Amino acid sequence: MATTLELTVRTAQWTRPSRELVKAFEKFPVANIGDAMERLGLVDGNINPVWAGAHCVGSALTVLGAAGDNAAVIEALNYIEPGDVVVINGFGHEHRALVGEQLSQRFEAAGATGAVIDGYIRDRATITDIKFPVFARGTTPAGPFKNGPGVIGEPVAIGGIVCSPGDIVAADDDGVVIIPQARAAEILERVIEVAAHEAEMTAEVTREYS
């Protein structure tokens with residue numbers, strides 16, 4: 001006799017950073033932010049953009065579910081606020097896609113600026129066409145289970161880095177960095193210095209070889 005599994009999703013409340021603080025990081029590449037954080041907080045380099053040129057910055061909406069199961073990811077649609085990045089700990093599971101074209105379109109419609117997935121996706125071509133920024137370990141045509149359980153809004157591991165809800169997530173062609181919300185203002189000051197130093201070095205090269 002078949003057993004019906006009920007979805008169990010636990011949610012928590014969290015504070016998002018100010019939009020002004022999040023926006024301030026948009027002008028800096030992930031590499032500069034990583035340098036400002038002493039190369040800490042950088043997500044495993046195997047989590048890559050699904051399409052070239054993808055980039056996003058936003059407040060982390062964290063999701064944890066069973067490997068190969070996206071029930072909690074679907075439930076997270078009810079908690080997205082404009083400016084969020086959906087951060088999904090999928091345990092790096094290779095055999096089931098947690099996100100495809102349907103969820104990507106719904107994330108975007110709900111106001112998310114991107115999605116970072118420690119796992120696999122499908123429908124790469126459509127996600128590329130709609131230009132919604134998605135970062136993942138790879139693709140597979142196999143769809144997910146939808147049984148649960150799951151957790152939304154609690155700290156998760158993403159590519160070897162702890163990401164708490166409300167942390168600032170920045171992602172571009174080079175990869176993904178997690179900026180702890182409690183240190184974001186301090187890190188912003190440092191990344192401004194790093195970027196200025198990079199600009200000076202570029203100017204030196206231009207002067208030397210022009």
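The values are calculated or read from the model by the stated rules, or taken from the named source; none is laboratory data. All of these numbers come straight from a predicted model, not from anything done at the bench. Glycine also receives a Cβ, built like all others from the backbone with ideal geometry; neighbour counts cover every protein chain displayed.
Just wondering, is there one or more residues in segment 155-174 that are part of a helix (DSSP H, G or I) and under 27 Å from K23 (Cα atoms)? No, segment 155-174 contains no residue that is part of a helix (DSSP H, G or I) and under 27 Å from K23 (Cα atoms). For segment 176-210, a residue qualifies if it is touching a residue at least 12 places away in the same chain (Cβ under 8 Å) and within 21 Å of the chain's Cα centre (by Cα), and the qualifying residues are V176, V177, I178, I179, P180, Q181, A184, A185, I187, L188, V191. Residue count for segment 144-175 under the criterion of being touching a helix residue (DSSP H, G or I) at 6+ places or on another chain (Cβ under 7 Å) and β-branched (V, I, T): the result is 3. Counting the residues of segment 90-145 that are of a type in the set (D, E, K, R), out of contact with any strand residue (DSSP E or B) (no Cβ under 7 Å at 6 or more places or on another chain), assigned to a helix (DSSP H, G or I) and surrounded by 17 or more Cβ atoms within 10 Å (Cβ to Cβ) gives 2. For segment 104-125, a residue qualifies if it is basic (K, R), closer than 17 Å to D84 by Cβ and in contact (Cβ under 8 Å) with a residue 40 or more places away in the chain, but none of them does. Restricting attention to segment 126-144, the residues being under 23 Å from G83 (Cα atoms) and in contact with a His (Cβ under 8 Å, 6 or more places away or on another chain) number 1. Selection of segment 51-65 for residues being modelled with pLDDT of 95 or more, more than 12 Å from the chain's Cα centre (by Cα) and over 26 Å from R190 (Cα atoms) yields W51, A52, L64. Counting the residues of segment 10-23 that are surrounded by fewer than 18 Cβ atoms within 10 Å (Cβ to Cβ) and touching a residue at least 24 places away in the same chain (Cβ under 8 Å) gives 8.
Going through (1) under 14 Å from the mean Cα position of the chain (by Cα); (2) among the β-branched types (V, I, T); (3) surrounded by 14 or more Cβ atoms within 10 Å (Cβ to Cβ) one by one, I152 falls short only on (1). Looking at segment 48-84 only, could you name the residues that are part of a strand (DSSP E or B) and among the aliphatic types (A, V, I, L, M)? Answer for segment 48-84, where residues must be part of a strand (DSSP E or B) and among the aliphatic types (A, V, I, L, M): V57, A60, L61, V63, L64. Checking D123, D118 one by one, the residue that is out of contact with any His (no Cβ under 9 Å at 6 or more places or on another chain) and closer than 23 Å to P49 by Cα is D123 and no other.
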